[in-house]
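Asker: Submitted below is the structure of interest, expressed as structure tokens.
The values are calculated or read from the model by the stated rules, or taken from the named source; none is laboratory data. Predicted model only: the values in this text are computed from it and were never measured. Every residue, glycine among them, receives a Cβ derived from its backbone with ideal geometry; neighbour counts consider all protein chains shown.
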Amino acid sequence: MIFAGIDIGSLTAKAVLLRHGKVIASHFEPVKATSLASADHVMGRVLAQAGLRIEEISLTCSTGYGRLEIPFADCNRSEVSCHGLGTFFSNKSVRTIIDIGGQDCKVVVIDSHGMVEDFVMNDKCAAGTGRSLEILARTLGVELADLGRFALRSRRPLPVSNKCSIFMELDVMQLLYQGKRRENIAHGITVSIARRIASLTGKVTLQKGICISGGVSKNAAVVRDIEQAIGVTFTPLAHDPQLMGALGAACFAEKEYRRRMEGGKS
Amino acid sequence: MTIFNEIRQLAQSTSNDYLTRARHRGHPTVGYFCSYVPEEMIHAAGAVPYRMRAVGSEGTSLGDTYFSSANCSFVRRVLDKGLRGDFDFLDGIVFMNGCDHNRRLFDNWSYAHPDTGFNYMLFVPHGRSEACLAQYGNELAKLGRFLEERFDTELTAEKLWNSVALYNRKRALLQEIADSRRSAVVPISGTEFLSLMLAVSVVPVEDAIALLEQALAEIRAGRIHTEQAVLRLFVTGSCLEELSHLELLESAGGVVVADAICLGARYFERPVQVGRDPLAALGERYLRNLSCPRMMDDVAGRIAHVRERVSDFGADAVILEKLEFCSMMSGESYISSHELRKFDIPSITLTRELYGGGVGQLKTRIQAFYEKVINRS
């Protein structure tokens, strides 16, 4: 039996296929104009990878901001629950997840079955999210992928506001006008984001076994600075941390399938 | 067409035919803010009390010329509507110092002076003590004198008791409808109940009673909102008038079965006790009814009320609603969530702008919260 998880976020679309408790295909790519177009395309890619047809999928679960707009999904779960179960699938010792996605950050505490016990999300402000990093990298004149590399070269982070993406951008522009080194500005950005995430973690009781997921987890400088800010070393994951939402959705697809087989209502 | 269709239309309109007909019969319309303004006094003066709201608001651009963006979206939207002429059918407004934003609304309204008749400020103490009650009594007497002069009438005890009887009847009907949601099969959704509240707070009380009797007859005839096992929710907080927001809560897999909001239990719980002095009876009821966070000395009472109702109505979780920049609810939601946790009652604070956006994130937060609550069971 094959189960699919599909995560349509604000910046990237992700899909994972599970068979017998193993990931057999996964893919992520930038989102397209509509959630449906993103879902169709990313699903097509994982099916092609696995050499399968959509009819061979036993059940599909969707998550992410586009989760309600995917007609071929049989059920949906919030990305909070999916990141919880996905990271738990990837490493059973995980109990707290810091997820930094395109437009939100969340801290999720899970139990010994991977189910959500508590969570906190950033409010409407985008500061500290993937989208703000994208804007700040552009302002700094570097590729998003290079922002972390730049920051890692610095030992002297420059002060950058962590209150609001707009103020952060103004600070970056001012530092550039002052002729400051871009490495140190980049470092200031990652430290600022780390402090913001650290303040979010203060709103829940963190449990040992803390990991980081989401697209921003691939920025080595942000990861380092968050570890320093909250005084932990992140628990490693066995799968790509950007895929945790889709992986969790695939796990929920399997759970839902078994529930339906046992006669539970959908 | 059921009575709930008409109620929904009334709930989504700023004015209505009931008010027009009352005006033709010689009853002016007087707007009022907050749950501490005794409608009975306005009614006894021959006017129709109209609960101010931002329903149908198109934005805040005019309101923002008087308020800063750090003021709550309720006052910005209501003033905006006033400046656009939406409330020109009013003959006056009784403001109240519900919070600093509302207090400032009176200043800005008086200064901008839209064509809405008189502006009167009722000062209500922020506590429930005997001294506060005495002061509130003085303020009600002052309001009474103002209304007598304004409408060239006398607020006799007979007139006041007659109004009290009508409003108590209205409260009793609302209470019975609200109580129908105790059962496992919920006859009316939270969205429908809010529609009802919005509708009956902008029509003459006599018409409101007729509407409520029809709604109750439909419920008694076996109306069913949902038989499905969904999460039963208790909603509390500050200003909440958006049907779309409750629809969002309920479409994610919940049903609101009870509340402690201004357009809800705070309005209809506890009748006015008939006695010797109508103003004293009104003062006692309005100042010491189920309080809102502006009353600084009753935090424990409000939390006890939530716990009691959660238990009575079999609610699975509590939604703490807060408007951005609502200083009253900021402290209250923090305290409430901590206190409720002690009693193992799950809660979530939802911060929003009145008729604001951010629906995607709210949906995620609500769904994740429901999933968390379901995981516990």
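Asker: Going through segment B:136-164 one residue at a time, which ones are farther than 21 Å from B:THR29 by Cα and surrounded by 17 or more Cβ atoms within 10 Å (Cβ to Cβ)?
Answerer: B:TYR136, B:GLY137, B:GLU139
Asker: Then there's this: Restricting the search to segment A:160-200, which residues are among the β-branched types (Val, Ile, Thr) and surrounded by 20 or more Cβ atoms within 10 Å (Cβ to Cβ)?
Answerer: Across segment A:160-200, the qualifying residues are A:VAL160, A:VAL172, A:ILE185, A:ILE189, A:THR190, A:VAL191, A:ILE193, A:ILE197.
Asker: Residue under question is A:ILE210, and the condition is that it be surrounded by 18 or more Cβ atoms within 10 Å (Cβ to Cβ), over 23 Å from A:CYS82 (Cα atoms), aliphatic (A, V, I, L, M) and within 16 Å of the chain's Cα centre (by Cα); does it hold?
Answerer: No; evaluated as a whole, the condition is false for this residue.
Asker: Continuing with this model, one more query. Quick one: is B:ILE219 surrounded by fewer than 23 Cβ atoms within 10 Å (Cβ to Cβ), in contact with a Pro (Cβ under 6 Å, 6 or more places away or on another chain), among the β-branched types (Val, Ile, Thr) and part of a helix (DSSP H, G or I)?
Answerer: yes
Residues checked against (1) closer than 28 Å to A:ALA137 by Cβ; (2) surrounded by 16 or more Cβ atoms within 10 Å (Cβ to Cβ); (3) touching a residue at least 24 places away in the same chain (Cβ under 8 Å):
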{"site": "A:ALA229", "(1), (2), (3)": "yes, yes, yes"}
{"site": "A:THR235", "(1), (2), (3)": "yes, yes, yes"}
{"site": "A:ALA249", "(1), (2), (3)": "no, yes, yes"}
{"site": "A:MET261", "(1), (2), (3)": "no, no, no"}
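Asker: Ok, one more. Might you let me know whether segment A:94-106 holds any residue that is at negative phi, part of a helix (DSSP H, G or I) and either within 14 Å of chain B (Cβ to nearest Cβ) or loosely packed, with under 15 Cβ neighbours inside 10 Å (or both)?
Answerer: No; the residues of segment A:94-106 include none that is at negative phi, part of a helix (DSSP H, G or I) and either within 14 Å of chain B (Cβ to nearest Cβ) or loosely packed, with under 15 Cβ neighbours inside 10 Å (or both).
Asker: Quick one: is A:LEU36 more than 17 Å from the chain's Cα centre (by Cα), under 19 Å from B:THR364 (Cβ atoms) and within 14 Å of chain B (Cβ to nearest Cβ)? I'd like the intermediate steps shown before the answer.
Answerer: Working: more than 17 Å from the chain's Cα centre (by Cα): yes; under 19 Å from B:THR364 (Cβ atoms): yes; within 14 Å of chain B (Cβ to nearest Cβ): no.
Here the answer is no, as A:LEU36 does not meet what is asked.
Asker: Residues in segment B:92-113 that are under 23 Å from B:HIS27 (Cα atoms) and surrounded by 20 or more Cβ atoms within 10 Å (Cβ to Cβ): how many? Steps first, answer last, please.
Answerer: To start, the set of residues in segment B:92-113 that are under 23 Å from B:HIS27 (Cα atoms) comprises B:92-96, B:113.
Still in the running and surrounded by 20 or more Cβ atoms within 10 Å (Cβ to Cβ): B:92-96.
Qualifying residue count for the region: 5.
Asker: Okay, moving on. Report yes if A:ARG67 is of a type in the set (Lys, Arg), in contact (Cβ under 8 Å) with a residue 24 or more places away in the chain and either farther than 14 Å from A:ILE212 by Cα or touching a helix residue (DSSP H, G or I) at 6+ places or on another chain (Cβ under 8 Å) (or both), otherwise no.
Answerer: yes
Asker: Hey, can you tell me all the residues within segment B:222-242 that are surrounded by fewer than 18 Cβ atoms within 10 Å (Cβ to Cβ) and of a type in the set (A, V, I, L, M, F, W, C)? Full working, then the answer.
Answerer: Applying the first criterion (surrounded by fewer than 18 Cβ atoms within 10 Å (Cβ to Cβ)) to segment B:222-242 yields B:222, B:224, B:226-230.
Listed by number, the residues that qualify are B:ILE224, B:ALA229, B:VAL230.
Asker: Mind listing whichever residues of segment B:344-377 are more than 21 Å from A:TYR65 (Cα to Cα), in contact with a Ser or Thr (Cβ under 8 Å, 6 or more places away or on another chain) and of a type in the set (A, V, I, L, M)?
Answerer: Passing the criteria: only B:LEU354.
Asker: Select from segment B:114-127 the residues that are closer than 20 Å to B:ASN138 by Cα and of a type outside the set (Gly, Ala, Ser) and write down the one among them that is surrounded by the most Cβ atoms within 10 Å (Cβ to Cβ).
Answerer: B:LEU122
Asker: On the basis of being polar (S, T, N, Q) and within 14 Å of another protein chain (Cβ to nearest Cβ), does A:ASN122 make the cut? Please lay out each step first, then the result.
Answerer: Working: polar (S, T, N, Q): yes; within 14 Å of another protein chain (Cβ to nearest Cβ): yes.
Spelling it out, A:ASN122 is indeed polar (S, T, N, Q) and within 14 Å of another protein chain (Cβ to nearest Cβ).
Asker: Of all the residues that make up segment B:353-364, how many are within 9 Å of chain A (Cβ to nearest Cβ), of a type outside the set (Gly, Ala, Ser) and touching a helix residue (DSSP H, G or I) at 6+ places or on another chain (Cβ under 8 Å)?
Answerer: 3
Asker: For segment B:322-335, does any single residue satisfy the condition of being touching a strand residue (DSSP E or B) at 6+ places or on another chain (Cβ under 6 Å), within 14 Å of chain A (Cβ to nearest Cβ) and crowded, with 22+ Cβ neighbours inside 10 Å?
Answerer: yes
Asker: Let me ask another. Given the structure, is A:GLY130 more than 14 Å from B:GLU371 (Cβ to Cβ), small (Gly, Ala, Ser), within 14 Å of another protein chain (Cβ to nearest Cβ) and within 19 Å of the chain's Cα centre (by Cα)?
Answerer: Here the answer is no, as A:GLY130 does not meet what is asked.
Asker: A further question on this structure: What tally of residues in segment B:346-372 results from selecting those that are in a helix (DSSP H, G or I), surrounded by fewer than 19 Cβ atoms within 10 Å (Cβ to Cβ) and in contact with a strand residue (DSSP E or B) (Cβ under 8 Å, 6 or more places away or on another chain)?
Answerer: 1
Asker: Looking only at segment A:18-30, how many residues end up being closer than 16 Å to A:ALA249 by Cβ and either in contact with a Cys (Cβ under 8 Å, 6 or more places away or on another chain) or surrounded by 13 or more Cβ atoms within 10 Å (Cβ to Cβ) (or both)?
Answerer: 8
Asker: Can you name every residue in segment B:234-273 that is out of contact with any Ser or Thr (no Cβ under 7 Å at 6 or more places or on another chain) and over 28 Å from B:TYR167 (Cβ atoms)?
Answerer: B:SER244, B:LEU248, B:LEU249, B:SER251, B:ALA252, B:GLY253, B:GLY254
Asker: If the requirement is being surrounded by fewer than 21 Cβ atoms within 10 Å (Cβ to Cβ), part of a helix (DSSP H, G or I) and either touching a Pro at 6+ places or on another chain (Cβ under 6 Å) or within 14 Å of chain A (Cβ to nearest Cβ) (or both), which of these qualifies: B:HIS305, B:HIS338?
Answerer: B:HIS338
Asker: Okay, moving on. Do we have any residue at all in segment B:200-207 that's at pLDDT below 95, farther than 30 Å from B:GLU332 by Cα and not in a strand (DSSP E or B)?
Answerer: No: zero hits.
Asker: From B:LEU140, B:LEU147, B:LEU194, grab the single residue that is within 22 Å of B:ASP88 (Cα to Cα) and in contact with a helix residue (DSSP H, G or I) (Cβ under 9 Å, 6 or more places away or on another chain).
Answerer: Checking each option against the conditions leaves just B:LEU147.
Asker: Please go through segment A:67-91 and give me each residue that is under 17 Å from A:LYS255 (Cα atoms), part of a loop (DSSP other than H, G, I, E, B) and more than 9 Å from every other protein chain (Cβ to nearest Cβ), ordered by number.
Answerer: A:ALA73, A:ASP74
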